[in-house]
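The values are calculated or read from the model by the stated rules, or taken from the named source; none is laboratory data. Nothing here was measured: the structure is a model prediction, and the numbers come from that model. Here Cβ is always computed from backbone atoms with ideal geometry, including for glycine, and neighbour counts include all displayed protein chains.
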Amino acid sequence: MKTTFICLVFLLIAPSIWGQTLLRKNWRYQLEDKPLSYKEVKQLYKSVPQALQQHKKAQLQFGISSGLLLVGGDYTGGRIGHLTATGELEFKQAGIGLGILALGFASSIGLNKKFDRAVTLYNQRKAKKTSFKWEPSQQGIGLKVSF
């Protein structure tokens, strides 16, 4: 009974022991508690094309949303500055700035999920490297586990 329990526990934790796990916390990446630079993360993703593709999509979405937020904020801030300097508000131009800001916020929805999906795809590929097979024992009655 003890042997069976130990074997089951070993089989359950073995993939996490040998598989390197990539983590993303607060826009920073870590591999086995070692911080990674952006170039190192891209090199890791090159070994998993699906993860690299998902990461590129997330980067594109991040760039678009950041650009829209920057332009919308700049335009709206300019209209606010004009209001404080002259006392007159240009509703049409202020509405354009707020609309661009709204587009920036809308395009940033789901951004973290895309980055996290790339990490998940990378970790799944790494976990599949370890495999187990149950085979009949060559030295008598029983089963053996092959890695």
Query raised in the report: Which residues, counting only those in the stretch 81-108, are small (G, A, S), modelled with pLDDT of 90 or more and closer than 30 Å to L60 by Cβ?
Result: G95, G97, G99, A102, G104, A106, S107, S108
Requested in this report: Output the number of the condition that W134 fails; it satisfies all remaining conditions of (1) part of a helix (DSSP H, G or I); (2) at pLDDT below 85.
Outcome: (1)
Query raised in the report: With respect to T120, is the statement that it is of a type in the set (S, T, N, Q), at pLDDT 90 or above and either farther than 26 Å from A58 by Cβ or not in a helix (DSSP H, G or I) (or both) true?
Result: no
Requested in this report: Could you check how many residues of the stretch 88-123 are in contact with a strand residue (DSSP E or B) (Cβ under 8 Å, 6 or more places away or on another chain), buried (at least 16 other Cβ atoms within 10 Å of the Cβ) and not aromatic (F, W, Y)?
Outcome: 2
Requested in this report: Identify all residues within the stretch 16-65 that are more than 11 Å from the chain's Cα centre (by Cα) and in a strand (DSSP E or B); write none if there are none.
Outcome: Q30, L31, K34, P35, L36
Query raised in the report: Among the residues of the stretch 87-108, is there at least one that is within 14 Å of the chain's Cα centre (by Cα) and in a helix (DSSP H, G or I)?
Result: no
**Report entry** Filter result for G72 (in contact with a Gly (Cβ under 7 Å, 6 or more places away or on another chain), of a type outside the set (A, V, I, L, M, F, W, C), at pLDDT 90 or above and part of a helix (DSSP H, G or I))
**Finding:** yes
